[in-house]
1. When region 219-233 is examined, which residues are found to be touching a strand residue (DSSP E or B) at 6+ places or on another chain (Cβ under 9 Å) and either outside any strand (DSSP E or B) or surrounded by 15 or more Cβ atoms within 10 Å (Cβ to Cβ) (or both)?
2. What pairs come up if the first residue lies in region 207-236 and is within 16 Å of residue 124 (Cβ to Cβ) and not assigned by TED's automatic domain parsing to the domain that holds residue 255, the second is surrounded by fewer than 11 Cβ atoms within 10 Å (Cβ to Cβ) and modelled with pLDDT under 95, and their beta carbons are under 9 Å apart, counting only those six or more places apart or on different chains?
3. Residue 101 - would you say it is buried (at least 16 other Cβ atoms within 10 Å of the Cβ) and assigned to a strand (DSSP E or B)?
4. Restricted to region 234-259, and to residues that are in a helix (DSSP H, G or I) and out of contact with any strand residue (DSSP E or B) (no Cβ under 6 Å at 6 or more places or on another chain), which residue is farthest from residue 147 (Cα to Cα)?
5. How many of the residues making up region 64-75 are in a loop (DSSP other than H, G, I, E, B) and crowded, with 18+ Cβ neighbours inside 10 Å?
6. I'd like the residue in region 197-218 that is in a loop (DSSP other than H, G, I, E, B), surrounded by 15 or more Cβ atoms within 10 Å (Cβ to Cβ) and more than 21 Å from the chain's Cα centre (by Cα) and, out of all such residues, is modelled with the highest pLDDT.
7. In the set 96, 130, which member is part of a loop (DSSP other than H, G, I, E, B) and surrounded by fewer than 16 Cβ atoms within 10 Å (Cβ to Cβ)?
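The values are calculated or read from the model by the stated rules, or taken from the named source; none is laboratory data. Quantities reported herein were computed from a predicted structural model and do not represent experimental measurements. Using ideal geometry, Cβ is built from the backbone for each residue, glycine included, and neighbour counts are taken over all protein chains shown.
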C-alpha cells in the first residue's frame with residue numbers, strides 16, 4: 001500500500017485561488033505583493049513566509065483547518081489549535097451553546113459540525129426525531145441524512161420535494177466554497193435518495209406565506225408545524241472546532257405553529 005504524497009503548497013494555493021475565482025493579479029493586489037512573487041509561490045520557485053501564508057489564507061477566506069494545511073505543506077507548524085468540545089479550553093463555548101439550546105425551547109434547535117453531523121440537540125429537536133429509524137441515530141449521526149432518508153424525517157415532511165431541493169442546493173454551495181471531499185460524498189449520497197411516492201416535485205410546490213423564506217412543513221402529533229430556520233456561528237473563532245460549529249434554530253412561521261410547539265413541549 002503506497003503512502004499518499006504530501007500536498008504541496010503551490011498547487012493547494014492555486015486551487016483555492018481558482019475556487020474563489022480570483023486571478024493571480026487579483027490576489028496579489030489584495031495581498032500587496034507582486035504577481036510575479038505569487039506566481040513563483042504557486043509554481044514552487046519561491047517559499048513564502050509563515051506570515052504571508054496566513055495572510056493569503058485570510059484573504060481567501062479559507063476554513064481554519066485549510067489554513068493549517070497550507071502551513072504544513074510549506075513546512076511550518078500549524079497555527080490554529082483544535083480542541084474537543086468537551087475539553088477545558090472550550091468549556092465556556094460549550095456552556096454558551098447549551099444555554100442557547102435550552103433558551104430555544106419549545107422551538108427545536110441543533111448544533112452541527114462542518115459535515116452536518118449532530119453535536120448537540122435540545123429537547124424539542126430530540127422529540128421531533130423520535131420516529132426516526134434507530135440506525136440513523138447512532139453517534140455522529142448526520143442531520144441531512146436524518147432529514148432526507150426515507151426512514152428518517154422524510155415521510156413526515158409535507159413539502160419534501162421543496163425542502164429536499166433547498167437542502168441539496170445549500171450543500172452544493174458549501175461544497176463549492178469549502179472543497180470538502182466528505183461533503184461532496186454526502187451530496188452524492190443524498191442526491192441518490194429516491195423520491196417518496198407522494199412527494200411534491202421541486203418547482204411544483206411553494207410553501208404558503210411568508211414568501212421570503214422556504215418553510216419546513218412538518219407533521220407532528222400536535223398538527224402541522226411550519227418552521228423557518230436561522231444559522232448562528234461563533235463570531236471570532238481561532239480554534240478549529242469552534243470555527244466548524246453551527247447552531248441551526250427553527251422558529252414558528254405562524255401563531256398556530258407556535259401554539260402547537262408549546263403543546264408538544266407540554267406533552268412531557
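1. 219, 224, 225, 226, 227, 228, 229, 233
2. Qualifying pairs under 9 Å: none.
3. Details: buried (at least 16 other Cβ atoms within 10 Å of the Cβ): yes; assigned to a strand (DSSP E or B): no.
No; evaluated as a whole, the condition is false for this residue.
4. Only one residue fits best here, namely 240.
5. Adding up the residues that qualify gives 1.
6. This residue is 199.
7. Numbers: 96 fails: part of a loop (DSSP other than H, G, I, E, B).
One residue alone meets the criteria, 130.
Here's the yes/no breakdown for (1) out of contact with any strand residue (DSSP E or B) (no Cβ under 8 Å at 6 or more places or on another chain); (2) within 26 Å of residue 62 (Cβ to Cβ); (3) modelled with pLDDT under 95:
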position: 96; (1), (2), (3): yes, yes, no
position: 104; (1), (2), (3): no, no, no
position: 111; (1), (2), (3): no, yes, no
position: 151; (1), (2), (3): yes, no, yes
